[in-house]
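The values are calculated or read from the model by the stated rules, or taken from the named source; none is laboratory data. Note that the structure is a prediction, hence the values are computed from the model and not measured. FYI the Cβ positions are ideal-geometry reconstructions off the backbone, even for glycines, and counts take in every protein chain you see. SASA here: full protein model, heavy atoms, side chains in, ligands and nucleic acids out. Shrake-Rupley method; radii C 1.70, N 1.55, O 1.52, S 1.80 Å.
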Amino acid sequence: MITVVGTGTGAAYDTRVLLGAGLVVGGRRHLDAVRLPESAERVVLGPLEPALDVVERYVGKGRRVVVLASGDPGFFGIVRALAGRFGPGRLDVRPGVSSVAAAFARLGLPWDDAVVVSAHGRDLRTAVNVCRARPKVAVLTGPGAGPAELGAALARTPSGDRVLVVASALGDPARERVERVTPAEAAERDWGAGVSVVLCLDEARAPGGVRTVAGPADGPAGWALDEGAFAHRDSMITKFEVRALALARLGPRLGDLVWDVGAGSGSVAVECARLGAAVVAVERAADGVERIRANADAHGVDLAVVHGTAPAVLSGLDDPDAVFIGGGGRELPDVVGACAGRARRTVVVAVAALDRVPAAREALTAAGFVCEGVLLQSSRLAPLPGDVTRLAATNPVFLLWGVRPPASSEGVFQ
């Protein structure tokens with residue numbers, strides 16, 4: 001039997017669990033904090049596989065193994081690796097309080113609506129994009145992915161009224177600290193190795209409401225919203241038929257970063273944000289910038305709005321997973337080329353002018369994308385006098401999309 005004990009966030013556990021153990025496995029601080037049986041072998045966790053090999057030898061001999069872990073070892077913890085190697089039936093898991101639960105408890109906040117994302121041994125960009133998109137996020141940190149790196153990434157692009165709460169040494173009365181800082185302030189600090197978890201909060205929305213299902217807010221019941229759901233100028237908005245296919249090709253999801261370049265009313269940006277992605281809307285018209293912000297507020301989503309002209313303004317942004325490009329003048333090939341050089345997955349281009357299609361397609365293929373496209377023509381039901389209905393044609397739009405082949409995506413970095 002392998003007994004897995006959660007420790008380290010202030011919850012006491014029965015140390016008698018160590019009695020009779022032939023092997024005790026854990027981090028150095030966990031092992032140093034307890035008195036081990038004299039006959040027990042001690043393995044300090046580093047690389048996981050060698051430690052699991054030692055565990056397997058003891059289990060094979062019928063000897064008791066105790067694994068000491070932080071907090072709740074079934075929550076982004078070692079239980080997954082142990083269950084995968086030895087089977088859940090051989091585990092006796094005794095969870096402690098997770099660092100996430102402890103951090104929210106210190107703030108007096110519920111966390112059933114929080115999104116929890118691990119940056120420990122993983123690419124930090126996913127955690128950054130979740131923090132940009134959601135108002136209540138807990139980030140499990142690691143070497144090279146701590147409060148300073150998270151803060152620096154969030155400070156590069158406006159991310160709303162976010163505050164970082166850095167919880168260190170949770171459960172240690174002498175060393176525990178819970179500090180509120182801005183992303184920019186976090187970026188300037190050396191936080192050391194004692195960080196337990198970082199919370200990224202929009203404090204105005206952090207209390208949340210009554211929930212039925214834990215985790216992030218439910219996704220939208222529908223998408224490709226009617227144009228009337230957005231403020232726009234002179235019908236200058238991506239029509240819902242075009243938006244539906246564009247969203248299908250963009251594939252926005254939680255953890256992604258999407259650019260909406262030439263955003264206009266921001267309808268595509270807002271829809272991507274509703275589906276969970278972090279979004280940067282780029283717009284050169286000042287009134288368009290305000291319109292995008294108003295539409296984002298109306299739909300209750302967070303997105304960053306950058307006032308400037310592409311492609312020049314794109315250089316200061318983090319690399320996106322997907323890009324939508326709307327409209328397009330003479331600079332369209334340069335904009336498409338710049339976006340294709342940065343996008344990790346796909347670029348979608350909506351073009352109304354026939355003359356612009358070949359250049360946009362060439363820019364995608366020149367960047368190594370596999371390019372496809374379609375001419376969208378639709379006719380909507382429209383009323384006529386006498387309680388009858390006709391079909392009213394909308395303007396045709398070319399939708400092009402380029403997909404980066406998997407082998408070449410390894411060369412794209414943040």
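A few notes on this one:
- The loop-placed trypsin sites (Lys or Arg not before Pro) in the range 158-198, going by DSSP, that have at most 12 neighbouring Cβ atoms within 10 Å of their Cβ come out as Arg175.
- Tail fraction, Cα-Cα pairs, the range 138-191, threshold 17 Å, whole percent: 35 percent
- Computed over the range 96-221, the P(r) curve from all C-alpha pair distances, binned at 5 Å from the origin, holds 2, 11, 23, 25, 21, 11, 5, 1, 0, 0 percent per bin.
- Cα shape, the range 277-330, gyration tensor, a/c 1.5 rule: oblate
- Accessible heavy-atom area order of Trp111, Trp401, Trp259, highest first, probe of 1.4 Å: Trp111, Trp401, Trp259
- Cα gyration tensor category, rounded, prolate or oblate, for the range 277-414 with a/c compared to 1.5: oblate
- Between Val93, Val261, Ala367, the Cα set farthest toward the positive side of the dipole of the chain (charges on each charged residue's Cβ, about the Cα centre) is that of Val93.
- Simple Cβ-charge dipole of the range 109-253, Lys/Arg +1 and Asp/Glu -1, about Cα centre, in debye nearest 20: 300 debye
- Trypsin sites (Lys or Arg not before Pro) lying in DSSP loop within the range 249-336, provided at most 11 other Cβ fall within 10 Å: Arg330
- Among Asp387, Asp234, the sequence by solvent-accessible area, most first, with a 1.4 Å probe is Asp387, Asp234.
- C-alpha center-to-center spacing [the range 77-94, the range 319-394] in angstrom: 50 Å
- Whole-number accessible area per residue in Å² for the range 9-80, which is evaluated in the context of all protein chains at 1.4 Å: 57 Å²
- Probe 1.4 Å - accessible area at Met236, Å² to nearest ten: 120 Å²
- Only one of (i) 45, 25, 22; (ii) 50, 22, 20; (iii) 40, 23, 20 was calculated from the structure for semi-axes √(5λ) of the Cα gyration tensor in Å, and its label is (ii).
- Under conditions of 25 °C and 0.890 mPa s, the range 160-262 yields 136 µm² s⁻¹ as its translational diffusion coefficient, taking Rh as the Kirkwood radius over Cα pairs in the Stokes-Einstein equation.
- When the trypsin sites (Lys or Arg not before Pro) in the range 338-395 are filtered for DSSP coil states and for at most 10 other beta-carbon atoms within 10 Å of their beta-carbon, no site remains.
- Normalised contact order of the chain, rounded percent, pairs of Cα under 8 Å and 6 or more residues apart: 11 percent
- Overall Cα dimensions of the range 30-137, principal axis frame, Å, largest first: 50, 28, 26
- Phi angles across the range 25-39 convert, under the Karplus curve 6.51 cos²θ - 1.76 cosθ + 1.60 with θ = phi - 60°, into 3J(HN,Hα) values of 10, x, x, 4, 5, 5, 5, 6, 8, 10, 9, 8, x, 4, 7 Hz, Gly and Pro given as x.
- Sequence-ordered 3J(HN,Hα) estimates for the range 164-174 from the Karplus curve with 6.51, -1.76 and 1.60 and θ = phi - 60° stand at 9, 10, 9, 9, 10, 6, 4, x, 9, x, 7 Hz, glycine and proline given as x.
- Database note for the chain: Cys without another Cys beta carbon under 4.7 angstrom, Cys272, Cys339, Cys371.
- Accessible carbon and sulfur surface of the chain relative to its total accessible area, %, 1.4 Å: 53 percent
- Computed over protein heavy atoms with a 1.4 angstrom probe, the accessible surface ordering of Val351, Val210, Val306, largest first, is Val210, Val306, Val351.
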